[in-house]
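The values are calculated or read from the model by the stated rules, or taken from the named source; none is laboratory data. As the structure is a prediction and not an experimental result, all values here were calculated from the model. Cβ: placed from backbone, ideal geometry, glycine included. Neighbour counts: every protein chain shown.
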Amino acid sequence: MIIYNITTKVHNSISTEWLLWLKEVHVKEVMESECFTEYKIVKLLEIDEVEGPTFAVQFFADSKALYNRYIEKFAGEMRNRSFEKWGDKFISIRSVMQIVD
């Protein structure tokens, strides 16, 4: 199982609207790619929130091939939409992990 993790620091001025968009629009669009089987949205705790909160979304893929498919076919467009909507009011760090049994 592969986890595609996107951790995002969101500026206070958009944090409420951004989280609503994440839940109601963005995650649904990512899941429509059919590359992931499930997702989790979490808020990071015990970090500096002076400029705004930090969230992480973890998308779970059954294989690295499915993750690669998402990156090759969908990720660029998703990132562009995010920047068009929110500009420089957020910063994201992406990581890919594998579950180890």
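Quick notes on this one:
- The range 78-97, residues that are of a type outside the set (D, E, K, R) and either within 12 Å of the chain's Cα centre (by Cα) or within 21 Å of I3 (Cβ to Cβ) (or both): M78, S82, F90, I91, S92, I93, S95, V96, M97
- Selection status of E51, in contact with a His (Cβ under 8 Å, 6 or more places away or on another chain) and either under 12 Å from Y4 (Cα atoms) or modelled with pLDDT under 95 (or both): yes
- Residues within the range 3-49 that are in contact (Cβ under 8 Å) with a residue 60 or more places away in the chain and over 14 Å from the mean Cα position of the chain (by Cα), tallied: 3
- The range 57-77 - residue that is outside any helix (DSSP H, G or I) and touching a strand residue (DSSP E or B) at 6+ places or on another chain (Cβ under 6 Å) and, of those, farthest from I2 (Cα to Cα): V57
- Taking the listed residues E29, E49, the one that is acidic (D, E), part of a loop (DSSP other than H, G, I, E, B) and either surrounded by 12 or more Cβ atoms within 10 Å (Cβ to Cβ) or in contact with an Asp or Glu (Cβ under 9 Å, 6 or more places away or on another chain) (or both) is E49, with no other qualifying.
- All conditions in (1) surrounded by 12 or more Cβ atoms within 10 Å (Cβ to Cβ); (2) in a helix (DSSP H, G or I); (3) out of contact with any Pro (no Cβ under 9 Å at 6 or more places or on another chain) hold for S15, with the sole exception of (3).
- Selected residue [surrounded by 12 or more Cβ atoms within 10 Å (Cβ to Cβ) and not acidic (D, E)] from I3, I93: I3
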